[in-house]
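Trainee: Can you read through this structure? Questions will come right after.
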Amino acid sequence: MPAERDMKSALDIRYNDFDADAFISLWNAVWDGAPSREQTALALEHSIFRVGVYDGDRLVGMARMIGDLGLCYYIKDVIVHPDYQGRGLGNVLLTHLLRFIDENGVPGKEIAVELCAMPDKMPFYAKHGFKSNEAQRMRLMLCPGTYKPR
């Protein structure tokens, strides 16, 4: 998909453009403990869609999507630089992700769109139609080469 200009924010929207270095830089502006460059490059390579918001050449907002293109899409790493928060960029990112699904999903069939959000971010996603459910998120941090079956 081509880049476009978002007139509301006067920033550039680009698809599948940002690299691991830009991802890590933006991650570190918001959170601690960015993944390694190798992990990030692999994750970006295997993401099905990425959207970035740029101020000139600087990545100031990003989000990516993983999934199987048929039954399930999972939204990951919705991040807006602190200097740009409160300008509606999260809405812009989410709108582009959901538009991608709308344009690429199987017509006439429901598709699960999932994400994990911190409690303070739940109202933001609810405005876009997301609903919480009774499922509990579980996580296992696994270092490759160390797994031992139970």
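Trainee: So how far, in whole Å, is the C-alpha centre of region 94-119 from the one of region 54-93?
Mentor: Here the two parts' Cα centres lie 13 Å apart.
Trainee: Is the C-alpha gyration tensor of region 4-126 telling us rounded, prolate or oblate? Criteria: a/c under 1.5 is rounded; beyond that, a/b larger than b/c is prolate, otherwise oblate.
Mentor: Since a/c stays below 1.5, the shape of region 4-126 is classed as rounded.
Trainee: Rounded to a whole number, what is D in µm²/s for region 77-150 from Stokes-Einstein with the Kirkwood radius over alpha-carbon pairs (4 °C, 1.567 mPa s)?
Mentor: Calculated translational D: 84 µm²/s.
Trainee: How far is it, in nm, from the label point at Lys109 to the one at Asp21 when both lie 7 Å from their Cα along the line to the Cβ?
Mentor: Distance between the two pseudo-spin positions: 4.1 nm.
Trainee: Add -39500 (n - 2.57) for each DSSP H run of 4 or more in the chain, then divide by its residues: what number comes out at 222 nm, to the nearest 500 deg cm²/dmol?
Mentor: My calculation for the chain gives -8500 deg cm²/dmol from helical runs alone.
Trainee: Moving on to the next point. Once the Cβ-Cβ distance between Ala10 and Lys148 is put in as r, and R0 is 35 Å, what FRET efficiency do you end up with, to the nearest 0.05?
Mentor: Efficiency computed from Cβ-Cβ geometry: 0.05.
Trainee: To the nearest 20 Debye, how big is the dipole of region 4-126 about its Cα centre, given +1 on the beta carbon of each Lys and Arg and -1 on that of each Asp and Glu?
Mentor: The dipole of region 4-126 has a size of about 240 debye.
Trainee: For a label point 7 Å from the Cα of Ile48 along Cα→C-beta, name the residues of region 12-39 whose backbone N is under 18 Å from it.
Mentor: Correct set: 15-17.
Trainee: So for each of 101-112, 121-132, 33-44 I average, over its residues, the number of other beta carbons within 10 Å; can you give me the resulting order with the highest mean first?
Mentor: 33-44, 121-132, 101-112
Trainee: From zero outward in steps of 10 Å, how is the percent of C-alpha pairs of region 5-77 spread across the bins?
Mentor: 19, 50, 27, 4
Trainee: Considering only DSSP beta bridges whose two residues both sit in the chain, what percent are antiparallel, to the nearest 5?
Mentor: Rounded to the nearest five, the antiparallel share is 85 percent.
Trainee: Another question, if that's okay. Work out the FRET efficiency for Asp57 and Met122 from their Cβ-Cβ distance, taking R0 = 35 Å, and round it to the nearest 0.05.
Mentor: The computed FRET efficiency comes out at 0.55.
Trainee: At 7 Å along Cα-to-Cβ for each site, give me the label-to-label distance between Arg99 and Leu71 in nm.
Mentor: 3.0 nm
Just so you know, all these numbers are worked out from the coordinates, no wet-lab data involved. Small disclaimer: the values here were computed from a predicted structure and weren't measured. Reconstructed Cβ throughout: ideal geometry from the backbone, glycine too, with neighbour counts over all protein chains shown.
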